[in-house]
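This report refers to the structure that appears directly beneath it.
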Amino acid sequence: MDVVNQLVAQGQFTIIKQPLGFIKVLQWIFAIFAFSTCGSYSGMFKMSVECKNRSDSDLGIEVKFEYPFRLHQVYFDAPTCKGGNRERSFLVGDYSSSAEFFVTIAVFSFLYSMAALSAYCFLLEKYRANNKGPQIDFVVTAVFAFMWLVSSCAWAKACRM
């Protein structure tokens with residue numbers, strides 16, 4: 001417990017009030033929301049099949065799907081309206097690559113923002129003493145901003161199809 005107390009005592013948590021730390025806290029929060037909402041998503045839609053012969057109809061077919069949205073693997077049994085036979089039907093589409101890409105960027109962004117916040121709080125003097133720290137931080141943050149844009153666009157295009 002003494003080690004934890006020493007680390008907390010040495011930390012400079014006022015950096016979180018400054019834009020440098022505050023932006024990383026926001027990045028951390030947005031990353032949590034991004035991978036938790038997409039990574040744990042599950043949905044369902046209902047459909048009905050009406051046949052001329054009402055006894056062959058099924059008005060309550062429920063189809064459930066979830067992340068990673070490999071819809072071509074989701075199936076349901078629908079009546080064929082030719083007697084008591086049912087036909088196995090599959091959904092169309094595989095949106096797993098764009099969904100997994102989005103969640104991966106969110107997880108890596110979460111991990112990087114945690115590491116950067118730790119460096120800001122506990123190694124701020126070393127971070128500011130050498131000009132390489134801020135430059136590397138800027139480049140990595142710019143790459144993450146671009147990757148957020150790309151992964152969000154890919155995910156949005158996949159959802160639109």
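Based on DSSP H runs of at least 4 residues, each adding -39500 (n - 2.57), what is the mean residue ellipticity at 222 nm of the chain after dividing by all its residues, to the nearest 500 deg cm²/dmol? All intermediate terms of the calculation are to be shown ahead of the outcome.
Details: 5 runs with 92 residues, N = 161.
Calculated at 222 nm, the ellipticity per residue is -19500 deg cm²/dmol.
Want the number for residue 132 to residue 40: 0.36 nm per residue separation, take away the alpha-carbon distance, what's left? Let's see the in-between values first.
Values: separation 92, 0.36 × 92 = 33.12 nm, distance 3.79 nm.
That works out to 29.3 nm of additional length.
From Cα coordinates alone, what are the radius of gyration and Dmax values for the stretch 43-94 in angstrom?
For the stretch 43-94, the Cα-based Rg and Dmax read 12.3, 38 Å.
How charged is the neighbourhood of residue 18? Take every other residue with its Cβ under 13 Å from the Cβ of residue 18, and add Lys/Arg as +1 and Asp/Glu as -1. Write out the running numbers ahead of the final one.
Details: positive: 17, 24, 128; negative: none.
That works out to +3.
Got a number for carbon plus sulfur as a percent of the stretch 41-161's accessible area, 1.4 Å probe?
Working: 4860 of 7970 Å².
Whole-percent figure for carbon plus sulfur exposure: 61.
Once phi is turned into θ = phi - 60°, what whole-Hz ³J(HN,Hα) does the Karplus curve with 6.51, -1.76 and 1.60 give for every residue of the stretch 138-145, x standing for Gly and Pro?
Going residue by residue, I get 5, 5, 5, 5, 5, 5, 5, 4 Hz, with x marking Gly and Pro.
With labels modelled as points extended 7 Å from the Cα through the Cβ direction, what inter-label distance (nm, one decimal) is found for residue 18 paired with residue 58?
Label-label distance for residue 18 and residue 58, simple model: 6.3 nm.
Going highest first, how would you order 83-95, 103-115 by mean Cβ packing within 10 Å? Could the numbers behind the result be given before it?
Details: 83-95: 12.5, 103-115: 17.8.
Per-residue mean Cβ counts within 10 Å order the peptides as 103-115, 83-95.
The values are calculated or read from the model by the stated rules, or taken from the named source; none is laboratory data. Everything numeric in this text was worked out from a predicted model, so none of it was measured. Here Cβ is always computed from backbone atoms with ideal geometry, including for glycine, and neighbour counts include all displayed protein chains. For accessibility, only protein heavy atoms count, side chains too; no ligands or nucleic acids. Shrake-Rupley method; radii C 1.70, N 1.55, O 1.52, S 1.80 Å.
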